[in-house]
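For reference, the structure is listed below as structure tokens.
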Amino acid sequence: MEIKIVSTKDELFAVCHMAASSNAQNEALSEEFHRGSLNMEDCLILKEGQRIYGRIILNRYLTYLTLEKIPVERAVGFLKEACNRIYEKHIVTHLYSDKSNHELVKTSLLLSDFVITQEKESYIRQPYAYPIKADLRDGRDVEDTLFIEMIQACYEQNQDRSIRKDAIRYGRYKAAVKLFTELIEQEPLTYRQMLFVNGTPAGIVFLNTSSEKYRGIGYLAVHPAFRAQGLGKVLLQAACALAAKEKSVSTIIGDIDVRNAYIRDIVQACAFELSCQELVFEKNS
């Protein structure tokens, strides 16, 4: 088997039609190549003949990681080669329980010196045009500094382990800037809103574009001073209503830390249903 960068249109087509990948992932990957957010040189493949047995996008998140049924030592070799080609020293990847060949991918990651750092749950629901009666403002009409300040203010009560860990690693302000920058990377494909109560910022929500059919809740937070007022539900309903304006969108996805009871209560109150479990793997090279 050969490990190489995608270099032909035939390879690109095969990469976007892998049998071990879900249709949603294949479609999302194809869309990213089509709109130019990914290029062929971003994709590493494991190939034999005309068939693709593995694919990885070479970034710090190893996105679209997919493996067909292959010997585990082949999978480990492929993963290690991918990590060697990534400039980032801290690599993170996510594995969902409904992933084809889940155990092969999990075992290969662990044998490639990744460790499991977080367990999450993935929730889904259809868009719905909730009637929202609140002072919600488009992110383009709000200063970026207000979003960063809100993220920073919410660290104390945030129950997401990865977010709390970044606050410890970088300090709250730098971690807030880092998270905000990551959340708006896809703008204008990312939508953000801020909720005000009596003119005071009270909460924020980010809605990301996964593909033409899917939107993801990138981040949701309510300022500690406004907790226990049902504002988290208002923010999530606002995101659902925003997605409902786009006829092509069929599903909204929200991933939460299994320990984050506060956010779980919000997503369940908004009729999101548990789709699958999720593991977060990290590696420092």
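Across the range 228-285, what is the number of residues that are in a loop (DSSP other than H, G, I, E, B) and free of Cβ contacts under 8 Å to residues at least 40 places away in the same chain?
Pass one, the range 228-285, residues in a loop (DSSP other than H, G, I, E, B): 228-230, 245-250, 258-260, 270-272, 285.
Narrowing further to those that are free of Cβ contacts under 8 Å to residues at least 40 places away in the same chain: 228-230, 247-248.
Total satisfying the criteria: 5.
Does the range 197-214 contain at least one residue that is within 22 Å of Glu121 (Cβ to Cβ), among the charged types (D, E, K, R) and touching a residue at least 60 places away in the same chain (Cβ under 8 Å)? I'd like the intermediate steps shown before the answer.
Taking the range 197-214 as the starting set, the residues that turn out to be within 22 Å of Glu121 (Cβ to Cβ) are 203-211, 213-214.
With the extra rule that they be among the charged types (D, E, K, R), the set shrinks to 213.
Of the ones still in play, those that are also touching a residue at least 60 places away in the same chain (Cβ under 8 Å) are 213.
Scanning the range 197-214 turns up at least one residue that is within 22 Å of Glu121 (Cβ to Cβ), among the charged types (D, E, K, R) and touching a residue at least 60 places away in the same chain (Cβ under 8 Å).
Val92 versus (1) β-branched (Val, Ile, Thr); (2) under 20 Å from the mean Cα position of the chain (by Cα); (3) more than 20 Å from Lys4 (Cα to Cα); (4) not in a strand (DSSP E or B): which is the lone unmet condition?
(4)
Restricting attention to the range 152-164, which residues are assigned to a loop (DSSP other than H, G, I, E, B) and under 17 Å from Leu279 (Cα atoms)?
From the range 152-164, those assigned to a loop (DSSP other than H, G, I, E, B) are 154-160; that's our starting set.
Within the range 152-164, Gln159, Asp160 qualify.
So which of Ile204, Ile184, Ile168 ends up being of a type in the set (A, V, I, L, M) and buried (at least 20 other Cβ atoms within 10 Å of the Cβ)? So that I can check it myself, show each step before the final result.
Numbers: Ile184 fails: buried (at least 20 other Cβ atoms within 10 Å of the Cβ); Ile168 fails: buried (at least 20 other Cβ atoms within 10 Å of the Cβ).
Sole residue among the options that is of a type in the set (A, V, I, L, M) and buried (at least 20 other Cβ atoms within 10 Å of the Cβ): Ile204.
Yes/no matrix, rows are residues, columns are (1) surrounded by fewer than 17 Cβ atoms within 10 Å (Cβ to Cβ); (2) in contact with a helix residue (DSSP H, G or I) (Cβ under 9 Å, 6 or more places away or on another chain); (3) at pLDDT below 90:
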site	(1), (2), (3)
Tyr123	no, yes, no
Pro131	yes, yes, yes
Arg137	yes, no, no
Asp144	yes, yes, no
Cys154	no, yes, no
Asn158	no, yes, yes
Ser162	yes, no, yes
Ala176	no, yes, no
Leu179	no, yes, no
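Scan the range 239-262 residue by residue and report those that are under 27 Å from His90 (Cβ atoms) and under 16 Å from the mean Cα position of the chain (by Cα).
Correct list: Ile253, Gly254, Asp255, Ile256, Asp257, Val258.
Take the conditions over 20 Å from the mean Cα position of the chain (by Cα) and in the same structural domain as Arg74 (by TED's automatic domain parsing) and apply them to Ser7. Does it pass?
yes
Take Ala75 and tell me if it is closer than 23 Å to Val6 by Cα and small (Gly, Ala, Ser).
Yes: the conditions hold for Ala75.
Considering only strands (runs of 3 or more DSSP E) fully contained in the range 165-222, which possess at least 2 residues that are closer than 28 Å to Ala28 by Cα and of a type in the set (Gly, Ala, Ser)? Write out each step before concluding.
Numbers: elements: 191-197, 200-209, 214-222.
Ranges flagged: 214-222.
Each row is one residue, and each column tells you yes or no for (1) among the small types (Gly, Ala, Ser); (2) closer than 22 Å to Leu136 by Cβ; (3) crowded, with 21+ Cβ neighbours inside 10 Å.
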{"position": "Arg215", "(1), (2), (3)": "no, yes, yes"}
{"position": "Pro224", "(1), (2), (3)": "no, yes, no"}
{"position": "Arg227", "(1), (2), (3)": "no, yes, no"}
{"position": "Lys233", "(1), (2), (3)": "no, yes, no"}
{"position": "Ser250", "(1), (2), (3)": "yes, no, no"}
{"position": "Asn260", "(1), (2), (3)": "no, no, no"}
{"position": "Val267", "(1), (2), (3)": "no, yes, yes"}
{"position": "Gln277", "(1), (2), (3)": "no, no, no"}
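The values are calculated or read from the model by the stated rules, or taken from the named source; none is laboratory data. In this text the structure is predicted, and so the values were computed from the model without any measurement. Every residue, glycine as well, gets a Cβ built from its backbone with ideal geometry; the counts of neighbours run over all protein chains shown.
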